[in-house]
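The values are calculated or read from the model by the stated rules, or taken from the named source; none is laboratory data. All values derive from a computational prediction rather than experimental measurement. Cβ: placed from backbone, ideal geometry, glycine included. Neighbour counts: every protein chain shown. Heavy atoms of the whole protein, side chains included, go into the accessibility calculation; ligands, DNA and RNA do not. Shrake-Rupley method; radii C 1.70, N 1.55, O 1.52, S 1.80 Å.
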Amino acid sequence: MTEKEAKMFIGREKELKRLNAMYQSDRLEVAVIYGRRRIGKTTLINEFCKGKRTIFFAAMENSVEINLEMLSNAIAETETGSEAGVVYCSFADAFIKIREMALSERLLFVIDEYPYLAKSEPGISSLLRNFLDHQFRESRLFLILCGSSMSFMENQVLGYQSPLYGRGTGQFKILPFDYMDTGRWFPEYTSEEKAVMYGVTGGVPLYLEQFSPDRTIRENLLDVLFHNNAMLFEEPANLLKQELREPATYNAIISAIASGKTKLSEISGTVGLESSLCSKYIGNLITLGIVKRETPVTEPNSRRPIYELEDFFFRFWYTFVPPNMSAIVSDRMERIYASAVENRLHDYMGRVFEKMCRDYLLFYEDDLPVHIQSIGQWWGGNPVTRKQTQINVVAISSESKSAIIGSCKFRNEKLPISELRLMQEYARVMGGFEKYYYFFFSKDGFADALRQERDERKLRLIALDEMYRMSVLE
């Protein structure tokens, strides 16, 4: 495997281990693998299939006849002595052949982009169910259904109303890499540079592939994003066009959220939609993993949610590309990069760092003073100051009535002792817990006065470098 190929599988060790365990069972297995585009599903499957007898059928958004021909060719490529160019009369005939091939020897049968096949042949799910329940049952087949349409895979493959409901023996929702695995793509970068690259790419493999670890962040961004021929320059627009029917409306909603409009009323007012209709559009963006709905962590059923951009690449693009569009298309970004991008990165990284800190607590939950039941952020009114209070990181445990409160600062300054006093006040405002533990995260470390207050039980200080030194894979 080349170095580039190896990088493709950073962060996918758990999925590969589980797939290989299923393969070793030597009985009928059905794995459902899904996730948004660009996330590396097909690459994961290709890695898993290496050295294994495999029929790989990539369904196309085409006619049923074309897809049947493609499947016939895939079978011919795998079956020794099979005559190329022979097209089966039906999918049922093709499945009978696959059953025959899987009777005496383990066989992987991959249907990539299964939603395309189901669109061209509406009865395919029912046909597959019948084969899984009968003809395939005594075979050594390992079937993989893969798809990028999140709603289709969750509702029409995994959902209760699906003909395939209950037939899967393993399901894999493929997510972006976390900050730790993203950092492994850039082994020579500093911790700050690794964090910034996580904030730029959101850990999406296809985006990470475009950036060279041998170049600076500035060089990478100018080459990959900040000119009108760059590979990622039109990526958000292209993705919205591929996934959604009204990309202009979705673009307006994302722009509103990126500008700081987080309440439904604010977003709908900015876009010019009724709240109920706007909510439906936002729901589709949530399904795609572009937007997330958040409530105070202590109030999961709150009717005052906020909406934020969950996809950091979208957030970075909408923060830095539209305001600089004239400079980008006129090829002037190199001249203004320092003022337009570099000097604003620390402010941009605030939300990204909060996510990193929450993930850090989940990585090392075994070392925490509480068992995490839920984690997120909290906000609410301060009855004394009559101002809004917000705590960036809150991890709660209802069993012990304890909470971890975290403060996260991605700044060129050491965190002062005043931050502890402020968090203690915020804890009183939030209320509801008997014990509070304080976890402070800082890019540039901590003031001496705050260090003197450090207590591994009640107050922990975690610098950015430490967040990267402690690899969860060790």
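Here the spin labels are modelled as points 7 Å beyond Cα on the Cα-Cβ line, and at residue 130 and residue 161 they lie 2.3 nm apart.
Each 10 Å bin from 0 upward holds the following percent of the Cα-Cα pairs of the range 91-186: 14, 43, 26, 11, 5. Taking every alpha-carbon pair under 8 Å whose residues sit at least 6 apart, the range 1-145 reaches a relative contact order of 34 percent. Ranking 335, 421 by solvent-accessible area of protein heavy atoms (1.4 Å probe, all protein chains present), from largest to smallest, gives 335, 421. With contacts taken as Cα pairs under 8 Å and at least 6 residues apart, the range 278-320 reaches a relative contact order of 32 percent. Over all distinct Cα-Cα pairs of the range 300-407, the Kirkwood formula returns a hydrodynamic radius of 16.9 Å. Seen against the Cα atoms of the chain and their longest principal axis, helix 345-363 is set at about 70 degrees. Note on the range 236-365: Cα convex hull, mean projected area over all directions, 9.8 nm².
On the range 381-436, 46 percent of the accessible area sits on carbon and sulfur atoms, based on a 1.4 Å probe. 3J(HN,Hα) couplings calculated from phi for the range 458-466 with the Karplus curve 6.51 cos²θ - 1.76 cosθ + 1.60 (θ = phi - 60°) are, in sequence order, 10, 9, 10, 10, 10, 7, 4, 4, 5 Hz; Gly and Pro show x. Taking all Cα pairs closer than 8 Å and separated by 6 or more residues, the relative contact order of the chain comes to 11 percent. All Cα-Cα separations within the chain were binned at 10 Å from zero, giving a P(r) of 4, 17, 25, 25, 18, 9, 3, 0, 0, each value a whole percent of the pairs.
Please give the length that would be gained between residue 422 and residue 60 if that part of the chain were fully extended, namely 0.36 nm times their separation in residues minus their C-alpha to C-alpha distance (nm, one decimal).
124.6 nm
Taking every DSSP bridge with both residues inside the chain, close to 35 percent are antiparallel.
Put a plus charge on the Cβ of each Lys and Arg, a minus charge on the Cβ of each Asp and Glu, and nothing anywhere else: the dipole of the range 332-399 about its Cα centre is then about 600 debye. What the range 231-368 shows is 48 Å² of accessible area per residue, with the surface traced by a 1.4 Å probe over protein heavy atoms. Averaged over its residues, the range 166-220 has an accessible area of 38 Å² per residue, based on protein heavy atoms and a 1.4 Å probe. On the accessible surface of the range 1-145, probed at 1.4 Å, how many percent belong to carbon and sulfur atoms? That fraction is 49 percent. In the range 191-252, a dipole from Cβ-located charges (positive for Lys and Arg, negative for Asp and Glu) runs towards its positive end, and of 248, 196, 210 it is 248 whose Cα lies farthest in that direction.
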